[in-house]
Amino acid sequence: MTLTGAVAGSGYAPGANPNSGGDTEGSLTTALGAALGDLDPALVIAGVFGIAGAGAAGRPAAVRAANKAWRVCGLTGAPSVVTDIAVAFAAGTDAAAGIVVFAGTGAGAAFINDGTIVRRADGYGWLVGDEGSAVWIGKEAVRAALAAFDGRGQPTLLAESVPRALLGNHFDPGLVPPAAVAEPEPEPEALWGGLATATRRRTSHRTAITQAIVKEVYAQPPAALGRLGPVVCAAALAGDSVAHRITDEAAEWLLLDVDAVRTAADVSAPVVMAGSVLGSGPVADAVRDGLLERFATPPTPAGDGAAGAAGMALRRLGFR
């Protein structure tokens, strides 16, 4: 951004969160270099990096990666490094303090004051937390689809839409038994991506498709499960009870996060909703309604996180 707030350049790179398989240094360097473009690096006087995984546990590595990207791109001085949570709040409001609830690759809530997390709930990563995130929703969708196939769970649209999303052209919908494997009728012979032997036995079909799902899930970084978030939301909107349970539970987790970080004094604080899951859809609607009940005013949607970081840099320079 220029000192007047006009956008001077933007860049994009793959995810930089090391906890989800991202290359922090490489991604930051790529995005920053693209944002600078043909600009003279000597004109840049400050910067803020909002990095996922830059909390206390991961801060040293995040600072090193940010500083390395800064130097590689020919910039002088050193950037400020904050968490992506603080940047998400700044992307939704000019207020110095307030609450942000976020659900994208990660999920949680925090009370922010001048770019610092004062109170925080969740945002602990896919393995031990992030309930309500796109990755969590995707994981629950895979679990529900596998349970429907092997008889532990109830029939669901996810039994077809999950393998379709994961396997693409390798998925043969003819291998999905009627009513999401609820009926024991034998299936016609079929070949499916070389993974299933032509057979009339349902069990072989189920084994082939479930093992293909498992293989694909474990072959990708955890963050890749986030692409199933829209699949679950679509199934919920279509009336699927299993998908609806997942989206309802996601919203409940996110509202619990908000309850954990707010106090009675925070009732008038601005509240920002950030992340792909909270942009639109059943989870976003439920969280928005829950926040309206708690704060009596509607929450503010976060804008572009990069713009939020640049705006934070401007405020730290005294230009906002």
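The values are calculated or read from the model by the stated rules, or taken from the named source; none is laboratory data. Given the structure is predicted, the values throughout are model-derived calculations rather than measurements. Because the Cβ atoms are built from the backbone with ideal geometry, glycine has one as well, and the counts that use them run over all protein chains shown.
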Practice task
May I ask you to list pairs of residues, at least six apart or on different chains, whose Cβ atoms are under 9 Å apart, with the first in segment 208-237 being surrounded by 18 or more Cβ atoms within 10 Å (Cβ to Cβ) and the second being of a type in the set (Lys, Arg)?
Solution key: Val217/Lys139; Pro222/Lys139; Leu225/Lys139; Leu228/Lys139; Val231/Arg164; Ala236/Arg245
Practice task
Identify, by number, the condition in (1) crowded, with 19+ Cβ neighbours inside 10 Å; (2) under 22 Å from Val7 (Cα atoms) that Gly53 doesn't meet.
Solution key: (2)
Fill in the blank from the handout: Within segment 65-100, of all residues that are under 17 Å from Glu25 (Cβ atoms) and free of Cβ contacts under 8 Å to residues at least 24 places away in the same chain, the one surrounded by the most Cβ atoms within 10 Å (Cβ to Cβ) is Asn67
Practice task
Name, by its number, the condition in (1) charged (D, E, K, R); (2) without any contact (Cβ under 8 Å) to a residue 40 or more places away in the chain; (3) in contact with a Ser or Thr (Cβ under 9 Å, 6 or more places away or on another chain) that does not hold for Asp240.
Solution key: (2)
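Can you tell which of Ala103, Ala107 is touching a Leu at 6+ places or on another chain (Cβ under 6 Å), buried (at least 17 other Cβ atoms within 10 Å of the Cβ), modelled with pLDDT of 90 or more and under 28 Å from Arg315 (Cβ atoms)?
When all the criteria are applied, what remains is Ala103.
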Practice task
Tell me which residues, restricted to segment 1-50, are among the small types (Gly, Ala, Ser), buried (at least 18 other Cβ atoms within 10 Å of the Cβ), over 18 Å from the mean Cα position of the chain (by Cα) and farther than 17 Å from Leu317 by Cβ.
Solution key: Ala31, Ala35
Exercise for the section: Report those helices (runs of 4 or more DSSP H) wholly inside segment 1-118 carrying at least 3 residues which are under 26 Å from Pro301 (Cα atoms). Expected result: 24-36, 84-90
